[in-house]
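Please read the structure below before turning to the comments.
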Amino acid sequence: MAVMDQEVEMLQHAARNPPPPRPPQTERGSRAAADSASWKLDQLPGVGGGPDGKGPLLDAQGRPLRTFTIVSGQQADRARLQAEVFRPDHRLPTMTIDEYLAEEKRRGNIISGGGAASQNAPTSSEVLQMDSEQDGTIFGEQKSEEKRKKDEEWAVFTDRNPKGSGNTMNRG
């Protein structure tokens, strides 16, 4: 009960004492007033009666009737800040997949060929075999000599590297 009595007494003193007079504005005060003029209430375009269309935010004496948000007067700043806040946290692609593949093809990083045509084409060993079988021509004799050298090199390699003598994983 004593607390309520103290509250009533405080309210009576507050009503009796008028607010102190405002000091004259200095250069700093006028700069602050100009600064506050650049701030405004956030309002939606085309909506009357406050930003949410539910009536005014302030009464005649300038007291707020409900909560509101103060934002900078420069809408470009707001849009820039909003774009920085609501951006993806991963890097966005700079080109489409088709553009990327075209660039890789231009660089020569895509292997072309293959398929049924290359599967049916003879290998280099098969071509050498067919060329060496041409009897009586100089070209055929040269190819048969190439085939003989290749077969001899293969025989030497298989003699030096018997089956199972590959990587033993440091086990001897």
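The values are calculated or read from the model by the stated rules, or taken from the named source; none is laboratory data. Quick caveat: nothing in here was measured; it's all calculated off a predicted structure. Neighbour counts run over all protein chains shown; Cβ positions are idealised from the backbone, glycine included. In case anyone asks, the SASA skips ligands and DNA or RNA and just uses the protein heavy atoms, side chains included. Shrake-Rupley method; radii C 1.70, N 1.55, O 1.52, S 1.80 Å.
Between L81 and T94, 0.36 nm times their residue separation minus their Cα-Cα distance comes to what?
The span from L81 to T94 would gain 2.4 nm if fully extended.
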| task | Report the local net charge at V127: Lys and Arg +1, Asp and Glu -1, summed over other residues whose C-beta lies under 13 Å from its C-beta. | result | -1
| task | Mind grabbing the accessible area of V3 for me, 1.4 Å probe, Å², rounded to tens? | result | 100 Å²
| task | Can you figure out the FRET efficiency of R66 with E103, using R₀ = 41 Å and their beta-carbon distance, to the nearest 0.05? | result | 0.10
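Stretch A2-A14 to full length: gain in nm at 0.36 nm per residue minus the Cα-Cα span?
Value of the extension gain: 2.5 nm.
What translational diffusion coefficient, in µm²/s and rounded to a whole number, does the Stokes-Einstein relation yield for region 99-162 at 37 °C and a viscosity of 0.692 mPa s, taking the hydrodynamic radius as the Kirkwood radius over Cα pairs?
Working: Rh = 15.1 Å.
In µm²/s, the coefficient is 218.
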